[in-house]
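A short worksheet on the structure shown next.
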Amino acid sequence: MCQLLIYDLICCHSSQKWDYCAESQTSGRIPCKHQTFKVVSYPTPAEFEPAPICHRSECHFNRLDGVWNCCWCGKTHNTTGRCSGGMMYYEYTTCDHICCPFCKRGDQGF
């Protein structure tokens, strides 16, 4: 049985990888008829291969070398693709902004 693994990446994009079985056609390039899929959340659990890096040319998180300052709430030193800054909006909540072209590179030191 072939399985499609969908990895949630640190940058908030996703990446797909097929695990082909012996029944797959043309040397493992066409999945068999009995396919399954599994979403592998970030951080990648130990039983899976390490998640691939994002290869999207428009990935702003990678362009900022994985450390960025949020343009919405001002939180500095974000190290994942989604901002963890706290905000007060009717009630306390997290910012959750995804790194975008308006966010600036953060400092490597804390």
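Just so you know, all these numbers are worked out from the coordinates, no wet-lab data involved. This is a predicted model, so every value here is computed, not measured. Counting neighbours? That spans all protein chains shown, and the Cβs are built from the backbone with ideal geometry, glycine included.
Numbers at a glance
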{"item": "Cβ pairs under 7 Å, 6+ apart, first in the stretch 56-72 and closer than 13 Å to residue 105 by Cα, second assigned to a helix (DSSP H, G or I)", "result": "68/61"}
{"item": "Count of the stretch 11-44 residues which are β-branched (Val, Ile, Thr) and touching a Pro at 6+ places or on another chain (Cβ under 8 Å)", "result": "1"}
